[in-house]
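Accompanying notes for the structure given below.
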Amino acid sequence: MCKHTAKARSDGAPLTHREKLRRLREILFANVVMAGEIPAPTGAERRLTRFLSDRFTECGLANISLDHAGNIAGMLPGRVGRRTLLVSAHLDKIWSETDDHTVSVGAGMMSGRGLADNSLGVAVLATLPLILEELEIDLDANLVLLGTTRSFGRGDLAGMRFFLENASHPIDAALCLEGIELGRLSYSSLGMARGEIHVAAGSGELDHSEDAGPGVAAILAGFIVALRRIEECESPTSRILVGSIEAGSGYSVAPRSGTLRFEIRSREAGHVARIGKEIAEMVATTSIGDGLSASLEMIAHRSPGDLGSDHPLVHHARETLELLGIESHVAPSVSELALLLDRGIPSLTLGITKGENRHSPSEAISLEPIFDGLAQIVSVLRFMDEGKPS
Amino acid sequence: MSELDQRISRWLETNTFHHSEFWDMQELVRAKRDAGLTISLCIPTLNEEKTIGKEIIVFKSELMDRYPLLDEIAVIDSGSSDRTLEIAASFGADTYLSSEILPQYGSKPGKGENLWKAIHQLRGDIICYVDADIKNIHSKFASALVAPLIYRPEIQYVKAFYDRPLAVSDDLRPSGGGRVTEILVRPLFSMFFPELTALIQPLSGEYAVRREVLESLPFPIGYGVETSHLIDLYKSSGLDAFAQTDLDNRIHRNQPTSDLGKMAFGILQGFMKRLRDYGMVKELPDLHGLFRQFQAEGHRYEQVTREIFEEERPPMITLPEYRERHGR
C-alpha cells in the first residue's frame, strides 16, 4: 500500500516536485485568471461551476457530477480504490456579480478581487489532475475533487454540508484548499455561531423631533456595547466579533430598520451555545422604546473540533513545510474543515501562496511561492494515500 | 432589395461567424494539422505592462499547452519604457524590439510598423494580430479568428467584432462599432466601398490573415493600417476574401476624444491616398499633414498642432531579405 514512500524529509520529493511543477506554470496561472474573472457570489456560483466542470472533463475525470447543492465533483479513480480522499475548494467569493473581476498579471504578482479567497484554490483544484500526471503519481485511493458552493455568510457551508450528508463514498481523509496564506496549517476548528440582531420600526410614522427616542441606529450601537460586556465575561476562551452594522442611508432621516451581524467563536465545547442563549436573552429583555422591535436570528453553527497537533497528518504537513523552508502557523478554521472534523474525517486546510489585501479590491497573490504550495499539497496527498492518517 | 443589399446579406450569412461555432478545439487543431498550416500570434506593444502578462498566460496555456493551435507567440514592441517586454518574456513569449527587425530599413513610429515587421520575423502561414490592451482576454480572441482560415481555404482575412454591450465603469467601454468607425469609416465606406460596410468593426485590432495576403499589402505605419488593408484586399479579391467573427465583448481603456481626432486624421490620409491610387477621384489638392486642435485657457484659445504623416511601408514581398528568409 505504501508504494510511494512519501517520506517528505528523507526523499526530498517536495523539492523535486516544486521544480517539476514549474512546467505547468502557464496552465495553472491561466486557470487562476479564468477562475478569477468569473463572478461567483454565494449562491450564484453556476458559471464557475461550469468552468470547473469543463476542466474536469478535459482532464478525463470520472463521475463528474453537479449535485443538488450546486457542488461540482469529479473523481480520479485510484489503483486500488479501497479508500477515498477528498480535495475541496470553495467556489464562492465575497464579491457581487457586478463588481469588476478583472485580473491583472504583473511581475511576480497577480491582483484582482477574490484571487486569494478563493480563485487560486479553485484553480489548483482544476489543475490537480495535471499536477499528478506531470509528477507521474498514481494514487492507490480514489481522489474526489470537489468545488463547493455557499461557503460564506448565510450560505453556512451548505455545499460541503450537502456533500458530506450525501456522499456515495465514505471519505477517509480530506484537504481543503485556500489561496492564502502559505504556511497556514489548520487542523482544528473553533466552535462558532453567527447571528443577526434586527431592529425595526412598526408601520406608523417615526418621530423625527429633537426629543424623539434613540432610534434604530442608537439601539444597534447599544447592542454592540452589550455584546462587548458579554464578551468580557467570556474572554479569553471565547470572542464575539461584530462584523457589520447596517441602518439607514442618509444624514438626517431616522432609519426604519437595521441589522447587526456578529460571530461567536470559542475553543471550548458548549460555550458558543451558552453565549448564544445569553445574547438571545439580552435581546429579548432590552427595552428599546415604543414602536420599535428587536429580534435575534442565528444563522450558522459550527462545533469545535481538533485533529490534534500530534496527529501523523499534522506532523507530516509540518515536516513538509519545514523541508520547503516555510514557517508553519496554526490557524483554527471556521470553514469547511469544521464539518469534516465534526464527522471524524482526518482533515487539514492548507494555504497555497503568500498574498495581501485579502477581501479588498486589490487582493493580490504572489506567483513564485505557489510552487511551494503545490509541492506541499502533493506531499500531504501522498501521505494520505498511504493510509496513515486514520 | 438591391443587388448590393443582396450581396451583403449573402455575405453576412456565409462569412460572419460567432466564436461559439468554433468551440471544439480538438477538431480545430486536427483541421489545422491536416491542412499543414502554421500559425503565429503577434501582439504589438508599447507600454502594456498592465495587460500583457495576462494575455501571454492565457494564449500560451490554452492555445499552445492545452491545444497546440499556435506555433509561436511573439510580442513586437515599439520601445516600451515600462516592463512590458520583461513580463512578456517571463511568461514564455518571444519578444522583439521592432527597431531590431530589418534594421537596415530604419525604424518608424507607429503600430503599423510593428505589424509589418512581424511578417518578416514570424514564421506562420497565418498571422493573427491581437492588441495588447484587452482586459477581458480569452483564448477565443485568437482561436475564433484563425478558425475560418483553417476551415475555409478561400477566406483570406478575418476580422473580429464585438457586439454585446457590457455594464462597465466610467473609464471602460464596450466596443460596438467604435466612435471613429461610426462617424468616419462607415460613412466613407458607404460612399466609396459600400460592400465593406458589412464589416461590423473595420478598425478592430484583432484579425488573422494569410501570409500570402500580408506580404503583398503595403503597410501604413500609423492609424490607417487597418482601413488601408481592407480597401487593398477588397480591390484585389472582393468581399468574399473576408470573414468576421463575433467575439461577444471586449473591454479596454477608453481613448480620449482628442486622440480619436488624430486617429481619424491618419485614417483619412490613407483613405484619400487610396481613392487617388485607385482612380476613384479625378484630382485631389495637396493635403495638409498638420492636424489642428484647440485648447482653451480662460478666454484664450491656443492652437495645438501635430504633424500626422501616414508613411507607408512597401509590400514585404518586395524586400529581398524577406524573400530569402521565407523562401519566396
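The values are calculated or read from the model by the stated rules, or taken from the named source; none is laboratory data. Since the model is a prediction, treat every value here as computed from it, not as a measurement. Cβ sites come from the backbone with ideal geometry, for glycine too, and all protein chains shown count toward neighbours. All accessible areas refer to the heavy atoms of the entire protein, side chains included, with ligands and DNA or RNA removed. Shrake-Rupley method; radii C 1.70, N 1.55, O 1.52, S 1.80 Å.
Among the residues of segment A:52-69, just one is touching a helix residue (DSSP H, G or I) at 6+ places or on another chain (Cβ under 6 Å) and farther than 19 Å from A:Asn142 by Cβ, namely A:Ala69.
Taking segment A:323-347, which residues are without any contact (Cβ under 8 Å) to a residue 60 or more places away in the chain and either open to solvent by less than 20 Å² (accessible area, probe 1.4 Å) or within 28 Å of A:Ala13 (Cα to Cα) (or both)? Outline the logic, then answer.
Of the residues in segment A:323-347, the ones without any contact (Cβ under 8 Å) to a residue 60 or more places away in the chain are A:325, A:344.
The answer is A:Gly325, and nothing else.
Given the criterion more than 24 Å from B:Asp248 (Cα to Cα) and more than 14 Å from the chain's Cα centre (by Cα), identify the matching residue among B:Leu196, B:Leu188. After applying the criteria, what remains is B:Leu188.
Take A:Val124 and decide whether it is within 14 Å of chain B (Cβ to nearest Cβ) and either part of a strand (DSSP E or B) or farther than 16 Å from A:Gly159 by Cα (or both). No; evaluated as a whole, the condition is false for this residue.
So, A:Leu139, is that one assigned to a loop (DSSP other than H, G, I, E, B) and buried (at least 21 other Cβ atoms within 10 Å of the Cβ) or not? Considered against the rule, which asks whether it is assigned to a loop (DSSP other than H, G, I, E, B) and buried (at least 21 other Cβ atoms within 10 Å of the Cβ), A:Leu139 comes out as yes. Residue count for segment B:76-94 satisfying the condition of being in contact with a Leu (Cβ under 7 Å, 6 or more places away or on another chain) and within 14 Å of chain A (Cβ to nearest Cβ): 1. Please tell me if B:Ser143 is touching a helix residue (DSSP H, G or I) at 6+ places or on another chain (Cβ under 9 Å) and closer than 23 Å to B:Tyr67 by Cβ. When the stated conditions are applied, B:Ser143 passes them. For segment B:120-143, the set of residues classified as open to solvent by less than 10 Å² (accessible area, probe 1.4 Å) and within 13 Å of the chain's Cα centre (by Cα) consists of B:Ile127, B:Cys128, B:Tyr129, B:Val130, B:Ala132, B:Phe141, B:Ala142, listed by residue number.
Among the residues of segment A:109-126, are any among the aliphatic types (A, V, I, L, M), farther than 22 Å from A:Leu350 by Cα, surrounded by 23 or more Cβ atoms within 10 Å (Cβ to Cβ) and in contact with an Asp or Glu (Cβ under 6 Å, 6 or more places away or on another chain)? Steps first, answer last, please.
First pass over segment A:109-126, keeping only residues among the aliphatic types (A, V, I, L, M): A:109-110, A:115-116, A:120, A:122-126.
Retained after the next criterion (residues that are farther than 22 Å from A:Leu350 by Cα): none.
Checking segment A:109-126: not a single residue is among the aliphatic types (A, V, I, L, M), farther than 22 Å from A:Leu350 by Cα, surrounded by 23 or more Cβ atoms within 10 Å (Cβ to Cβ) and in contact with an Asp or Glu (Cβ under 6 Å, 6 or more places away or on another chain).
Restricting attention to segment B:85-107, the residues that are part of a loop (DSSP other than H, G, I, E, B) and under 20 Å from the mean Cα position of the chain (by Cα) total 3. For segment B:92-110, check the following and say yes or no: at least one residue is of a type in the set (Asp, Glu) and in contact (Cβ under 8 Å) with a residue 24 or more places away in the chain. No, every residue in segment B:92-110 fails to be of a type in the set (Asp, Glu) and in contact (Cβ under 8 Å) with a residue 24 or more places away in the chain. Per the conditions (1) more than 20 Å from the chain's Cα centre (by Cα); (2) open to solvent by less than 10 Å² (accessible area, probe 1.4 Å), the sole criterion not satisfied by B:Pro68 is (2). Residues that are more than 8 Å from chain B (Cβ to nearest Cβ) and open to solvent by less than 40 Å² (accessible area, probe 1.4 Å) within segment A:84-107 comprise A:Thr84, A:Leu85, A:Leu86, A:Val87, A:Ser88, A:Ala89, A:His90, A:Leu91, A:Asp92, A:Lys93, A:Trp95, A:His101, listed in sequence order.
The number of residues in segment A:15-37 being open to solvent by 20 Å² or more (accessible area, probe 1.4 Å) and either within 14 Å of chain B (Cβ to nearest Cβ) or in contact with a His (Cβ under 9 Å, 6 or more places away or on another chain) (or both) comes to 5.
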